[in-house]
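The values are calculated or read from the model by the stated rules, or taken from the named source; none is laboratory data. Predicted model only: the values in this text are computed from it and were never measured. Cβ atoms come from the backbone with ideal geometry, glycine included; neighbour counts cover every protein chain shown.
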Amino acid sequence: MVGEAVLALLMGGFAALLELLSNTGLAVPFGLAVAALWVLRKGLPATVLLAAAALAGWGAGPMPMLVCAGWTAGARIRRVWSLVGTFVVSWVLFTVTGVLKDGASFSPKLLLSLSLGFFLVIAVLPALYGRYRAQRRALLDALRERNEQLLRERVMVVHQARLRERHRIAQDMHDSLGHQLALISVHSGALEVDRTLTDRQREAVGVLRQAAVAAMRELREVVGVLHDESTALPPGTGTAAGTPARGGADGVEGLVESSRAAGAEIELTREGERRPLPAAVDHAAYRIVQEALTNAHKHAPGAPIGVALRYEPDALVVEVTNSRAPELVGARVGVGAAVSGGQGLTGLRERARLVGGMVHAGPTPEQGFRLAAVLPYEGAEAEATDGAEGWMPDGPLPVEEPERRRRSPAVGCALGVVVIGLIVLGLLVWGVVAFVKGTNDATVQMPMYDQIRLGTAESEVLQTLPRGNDFFTDTYKGTGPEVPAGAHCRWYVLSGAPGAGWNEEHVARFCFRDGALVEKQEYVAKS
């Protein structure tokens with residue numbers, strides 16, 4: 001704030017000094033106005049530019065303020081057409097005030113060309129540079145913010161990758177280790193009712209079975225913790241699809257044999273023409289059968305189990321059914337309620353969903369249980385990997401549009417500078433041509449001056465003389481001998497007359513009265 005106040009005083013003092021040197025008598029008003037405009041330039045860039053342009057057209061003091069106002073407007077007015085409109089109106093005000101002040105001394109065309117070229121140089125060029133600096137700063141800020149965002153997202157993606165790995169470990173523990181513990185429990189239950197064992201051996205087997213049940217309970221608790229911490233995962237990240245399966249559809253026979261070795265009555269059937277399966281489907285089929293057998297051993301020990309793999313034209317159907325558990329077996333084994341973490345069917349449905357399939361589970365009319373899964377052949381790989389690698393914290397990674405080529409802010413500003421340079425160059429060329437032509441129109445050669453006679457008709461003299469140009473001869477008016485009474489005169493620069501000093505010019509004056517030339521004078525005047 002203090003710095004702005006000091007700069008405002010300096011700008012106001014400089015404007016007042018320029019007005020004092022110009023001897024306009026407006027030093028104090030212009031100094032105060034420039035100081036006020038300096039303070040307001042950031043908050044009201046368009047208004048300050050208009051006011052500075054109007055003041056600069058009247059005097060030299062506000063010219064530096066016009067440069068600063070153009071810079072600020074270019075940097076702070078965001079909309080292009082608003083900026084263009086503001087500068088057009090500013091140039092009009094600049095030109096109008098210049099015409100009001102010096103319109104009588106300059107021709108309109110010359111005044112317009114001078115005001116346009118001067119305004120382009122002192123106002124528009126600073127605006128272009130200010131806009132370039134502002135756009136470059138905004139671009140750098142945007143790149144810096146995007147880099148920080150990418151760093152934050154990278155940390156979040158790493159965290160989500162850890163959660164995915166925890167979920168995968170939990171799923172594998174649930175499917176594989178849980179199945180093995182279920183088989184141990186079934187084996188020990190069968191031994192517990194074996195009549196060939198002694199009471200001590202039967203007690204040891206009971207301890208073994210209790211240990212297996214306790215291990216299953218602890219496993220369920222650990223799996224529950226891992227799974228709960230992974231619930232924030234988006235769809236498609238529950239399993240690492242790229243992890244090779246420990247067994248596929250061909251490994252189902254090994255699961256069946258393991259269950260048979262534990263004393264379970266189980267039948268495996270295959271229907272349809274066997275075909276190679278995508279890795280994700282093959283793995284899902286194996287895990288679904290494994291989990292279904294585990295649940296059957298756990299909830300219906302001793303019940304007959306049926307496993308069916310049907311190769312349909314467009315999908316693999318996996319079906320596992322079991323009838324009602326024999327009450328006799330339940331009475332003999334009777335070790336309490338089966339351990340269940342509530343994650344089995346949820347995991348199966350997730351596995352099927354990942355490969356574009358579905359799972360149905362429910363009781364049968366015979367008070368048994370049926371689990372069926374439909375796993376399509378096509379599109380399984382794409383579905384299984386969707387989101388596993390490109391997941392972002394706020395949802396699935398959107399489809400990326402082709403990257404658009406970003407234009408540098410220097411391109412537009414450079415184009416504007418080139419356009420302004422061409423305009424200024426054109427004005428300079430036009431000014432040189434107009435200056436030469438004006439000089440010729442305001443100059444009379446000595447032979448022409450000599451051949452013009454007094455008493456010649458005014459119209460004839462005017463046809464002989466050049467058109468004249470007040471821009472070059474206006475300073476000569478009121479100089480020389482006294483003008484004849486009632487006459488009106490025209491002044492020209494006389495070329496070819498000797499004897500003038502370096503700061504003097506020969507002037508030819510022609511005076512007319514009553515339609516005739518009544519006087520012609522040649523004299524020397526200060527140039």
| query | Of all residues in the stretch 114-139 being surrounded by 18 or more Cβ atoms within 10 Å (Cβ to Cβ) and hydroxyl-bearing (Ser, Thr, Tyr), which is nearest to PHE94 (Cα to Cα)? | reply | SER115
| remark: Residues of the stretch 480-512 being among the hydrophobic types (A, V, I, L, M, F, W, C), surrounded by 13 or more Cβ atoms within 10 Å (Cβ to Cβ) and in a loop (DSSP other than H, G, I, E, B), in sequence order, are VAL483, ALA487, ALA497, ALA500
| Any chance the stretch 79-88 includes a residue that's in contact with a Ser or Thr (Cβ under 9 Å, 6 or more places away or on another chain), closer than 28 Å to GLY416 by Cα and of a type in the set (D, E, K, R)? | no
| query | Are there any pairs with C-beta distances below 6 angstrom linking a residue in the stretch 22-34 that is among the β-branched types (Val, Ile, Thr) to a residue that is assigned to a helix (DSSP H, G or I), with the two at least 6 apart or on different chains, and if so which? | reply | VAL34/MET11; VAL34/GLY12; VAL34/ALA15; VAL34/MET65
| field | Given (1) at pLDDT below 85; (2) within 29 Å of ILE420 (Cα to Cα), number of the condition THR24 does not satisfy | value | (2)
| said: Restricting to the stretch 461-479, count the residues that are at pLDDT below 85 and either within 55 Å of the chain's Cα centre (by Cα) or outside any helix (DSSP H, G or I) (or both). | reply: 5
| message | When you scan the stretch 268-284, do you find a residue that is modelled with pLDDT under 85, among the polar types (S, T, N, Q) and closer than 25 Å to GLU366 by Cβ, even just one? | response | no
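Take the conditions of a type outside the set (D, E, K, R) and in contact with a helix residue (DSSP H, G or I) (Cβ under 7 Å, 6 or more places away or on another chain) and apply them to TRP38. Does it pass?
Working: of a type outside the set (D, E, K, R): yes; in contact with a helix residue (DSSP H, G or I) (Cβ under 7 Å, 6 or more places away or on another chain): yes.
Yes.
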| note | Of the residues in the stretch 404-460, those that are surrounded by 15 or more Cβ atoms within 10 Å (Cβ to Cβ), at pLDDT below 80 and of a type in the set (Ser, Thr, Tyr) number 0
| task | Any residue in the stretch 168-193 that's among the charged types (D, E, K, R): show its pairings with residues that are modelled with pLDDT under 70 at Cβ separation under 7 Å, as long as the two are six or more apart or on different chains. | result | ARG168/THR239; ARG168/ALA240; ARG168/THR243; GLU192/VAL333
| field | Subset of the stretch 344-363 [β-branched (Val, Ile, Thr) and in a helix (DSSP H, G or I)] | value | THR346
| task | Could you check LEU100 against (1) surrounded by 16 or more Cβ atoms within 10 Å (Cβ to Cβ); (2) in contact (Cβ under 8 Å) with a residue 40 or more places away in the chain and say which number it fails? | result | (1)
